[in-house]
Amino acid sequence: MASGSAPTSSEYVVHHLTNLNQTGEAQADIIDFSLINLDTVFWSFGLGMLAVFVLYRAARNASAGVPGRFQAMVEILVELVDNQAKGVIHSETSRKFVAPLALTVFLWVFLLNLMDLLPVDLLPSLWAFGLSSIGVDPGHAYMRVVPTADVNVPLGMSLAVLLMCLYYNIKIKGLGGWLHELFTAPFGNHFILWPINLLMQLIEFLAKTVSHGLRLFGNMFAGELLFVLIALLGGTATALGFLGHVLAGTAWALFHILIITLQAFIFMMLTLVYVGQAHDHH
Amino acid sequence: MTNVAFVALACGLIIGLGAIGACIGIGLMGGKFIEASARQPELMNELQTKMFLLAGLIDAAFLIGVGIAMMFAFANPFAG
């Protein structure tokens, strides 16, 4: 962005799609493990702490008498997750850990997704203002506030779910039992079928993990990008453009509220289903 | 045709072809849900939860495609 002149539409969009990493520049390669997206880390950690704090307050002030509104809301949430967990995971000891994990995942992903409803330029312009007051060029003031629209967060979460599935597979079936299942399910125990079975199992694990993470990422990235494009309508600075911005933004934001909740719910359900599948014997 | 034209065409194809599959899938599933609700209205709430879950699963590949198409439209990693 040249100093003093406004950005073009594609520069505006690209600016809003660039993460803040420790070099201060946009990422050059598609995969670069030396970079950390600091804005993603900050917002996901902060919102995770908020989710944990909210649940802690609810547990701390929980009373057995008539519940207040806040306690009732948290109880509804806990009951929702608990019912889903009971339906899918048939082991009481596993549920002791996985059900709270699913609750945390649901609340955390919901809060991360909720950041998408903030006005597109609100936090980035505050960040640019803060940076320019200490002398940094605001053209490099990148800030993306939706952590789930950064591909690292959903894929990281689904990778953690995969590790949990592997752990429960080995814990429930034993290492030998699980290896036996790797080579003999789904087609049967015959030495010609062993490589086919192994290939199918590996593909199944890979596809489940990748789709689990990328589903959330695709929804949130597309939603965020659409908000940025709608904001470009307002940037035309005409009356019709502004009207279009408000109408389209309202309609898309209302639809996006459904998408946010739905994607958080789906992520939680699939976490439960995949861990539950680790308990099943083929 | 220039490279920019090819990228634009590719993005359109990714989104359009993906939308065909997703919309037909949602349509079929929604039709089955309404038919099931008409046959057994007492199951409607339980089935609705499952329907929304399935809707998210059906849309998954399409939205992943949209994400990739948007990335090529605005932050083409192969450009330059």
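Straight-line reach from A:LYS208: which lysines fall under 19 Å, measuring Cα to Cα and dropping same-chain residues less than 8 apart?
Of all the lysines, those that pass the test against A:LYS208 - Cα under 19 Å, at least 8 places apart if same chain - are B:LYS50.
With an 8 Å Cα cut-off and a minimum separation of 6 or more residues, compute the relative contact order for the range A:9-279 in percent.
Numbers: 274 pairs, mean separation 69.7, N = 271.
It comes to 26 percent, rounded to a whole number.
So which lysines can A:LYS96 reach, going by Cα to Cα under 19 Å and dropping same-chain residues fewer than 8 places off?
Leaving aside lysines fewer than 8 places away in the same chain, those within reach of A:LYS96 are A:LYS86, A:LYS171, A:LYS173.
Could you work out the percent of alpha carbon pairs in the protein assembly as shown separated by over 25 Å, rounded to a whole number? Each step should come with its number before you reach the end.
Numbers: 41017 of 65341 pairs.
Roughly 63 percent, once rounded to a whole number.
Any idea what the dipole of the protein assembly as shown comes to, in debye rounded to 20, about its Cα centre with Lys/Arg Cβ at +1 and Asp/Glu Cβ at -1?
Details: 14 positive and 21 negative charges, 161 e Å.
Roughly 780 debye for the protein assembly as shown.
Within 10 Å of each Cβ of B:52-64, how many other protein chain Cβ atoms are there on average? Before the final figure, lay out the partial values.
On the way: counts 6, 7, 1, 2, 11, 5, 0, 7, 10, 4, 4, 12, 10.
Mean partner-chain Cβ count within 10 Å for B:52-64: 6.
Projecting each Cα onto the charge dipole of the protein assembly as shown (Lys/Arg +1, Asp/Glu -1 at the beta carbon, about the Cα centre), which of A:LEU232, A:THR148, B:LEU54 comes out farthest on the positive side?
After comparing all options, I get B:LEU54.
Which net charge results when you count Lys and Arg as +1 and Asp and Glu as -1 among the other residues whose beta-carbon is under 11 Å from that of A:LEU35?
-3
For a quick check: sort B:MET71, B:MET44, A:MET220, A:MET268 by the number of other beta carbons within 10 angstrom, fewest at the front.
Going from sparsest to densest Cβ surroundings: B:MET44, B:MET71, A:MET268, A:MET220.
Rounding to the nearest 10 and keeping the result within 0 to 90°, find how far the Cα-based axis of helix A:152-184 lies from the longest principal axis of chain A.
For helix A:152-184, the angle is close to 10 degrees.
Helix-only estimate, please: 222 nm mean residue ellipticity of the protein assembly as shown, summing -39500 (n - 2.57) across DSSP H runs of length 4 or more and dividing by its residues, to the nearest 500.
On the way: 10 runs with 267 residues, N = 362.
Computed ellipticity for the protein assembly as shown at 222 nm equals -26500 deg cm²/dmol.
We did not get these values from a lab; they are worked out from the coordinates using the rules stated. Everything numeric in this text was worked out from a predicted model, so none of it was measured. Glycine gets a Cβ as well: all are built from the backbone with ideal geometry, and neighbour counts include every protein chain shown.
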